[in-house]
Amino acid sequence: MTGAGTRVALGLLGAGWAMLVQAQGIYTCVDGQGRRITSDRPIKECIDRAQKELNPSGSVRREVGPSLTASERAQIEARERKAAEELARHNEEARRSRAMLSRYRDQAAHDRARADALAPVDGVLALAQQRMQALDKQRQLLDRELEFYPNTPPEKLPPKLRSLLDEHQASVAAQQRVIAEQEAERKRVNERYDEELARLRVLWAEQTQPGRPR
């Protein structure tokens, strides 16, 4: 290669290196032993501390790191997830509070809503209790029939009477289940409305504070 060709090749090589350095940047840091290190790529000796990426002019392009271990990254991600979940809970609680205030302007409105929610439950409960009263009367009639069979084991009773007794027992058990279910539902509804009312009392009180927007 001629001298001119060599100079051209060197010039191209230098230009290519300059473009590479400009694209990659120059990294510099002071390691744990106080040594300043410079490299064309992130410096592993400074993985636990910040290092600067410089422009070719020597000005700071950005600060990098410190690089984190997998455990450190997991801890940060866990904290970020927890913060995001807490924010979501806070936003949901604020949304629910606004919705409750919009629906219930005062306790009278809330009391009406509670009564409406309990009405179907109380209706089913009343019917079941009426049915139980009717079954009690049926049992009285069956007991009168049983007086004709004193000291008779159930399996020795007439088939028809034994069948009536079995049907009565099954009907009583069914109505007892209905009553238990409706009483549990009534308790659940009241607990939900009690919880809402406690929260609403706080919100209503906050609304009356001076200077608070309505």
*State whether one or more residues within region 79-95 are over 24 Å from the mean Cα position of the chain (by Cα), free of Cβ contacts under 8 Å to residues at least 12 places away in the same chain and loosely packed, with under 12 Cβ neighbours inside 10 Å.*
no
_Failed item in (1) among the basic types (Lys, Arg); (2) out of contact with any strand residue (DSSP E or B) (no Cβ under 8 Å at 6 or more places or on another chain); (3) farther than 30 Å from ARG199 by Cα, with ARG96 passing the rest_ = (3)
*Determine which single condition LEU125 fails, assuming it passes every other condition in (1) free of Cβ contacts under 8 Å to residues at least 40 places away in the same chain; (2) in contact with a helix residue (DSSP H, G or I) (Cβ under 6 Å, 6 or more places away or on another chain); (3) of a type in the set (A, V, I, L, M, F, W, C).*
(1)
_Residues that are of a type in the set (S, T, N, Q) and in contact with a helix residue (DSSP H, G or I) (Cβ under 9 Å, 6 or more places away or on another chain), drawn from region 97-122_ = SER97, GLN107
*Residue match in region 187-202 (condition: part of a helix (DSSP H, G or I), surrounded by 13 or more Cβ atoms within 10 Å (Cβ to Cβ), of a type in the set (D, E, K, R) and in the same structural domain as LEU142 (by TED's automatic domain parsing))*: yes
_Checking the structure you have, find out if any residue of region 97-104 is farther than 30 Å from LYS160 by Cβ and not in a helix (DSSP H, G or I)._
yes
_Tally up the residues in region 135-163 that are surrounded by 12 or more Cβ atoms within 10 Å (Cβ to Cβ) and closer than 18 Å to GLN175 by Cα, please._
3
*Find the residue count for region 118-175, including only residues that are part of a helix (DSSP H, G or I) and either over 30 Å from LYS187 (Cα atoms) or modelled with pLDDT under 95 (or both).*
21
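The values are calculated or read from the model by the stated rules, or taken from the named source; none is laboratory data. Quick caveat: nothing in here was measured; it's all calculated off a predicted structure. So basically every Cβ, Gly included, is an ideal-geometry build from the backbone, and we count neighbours across all protein chains shown.
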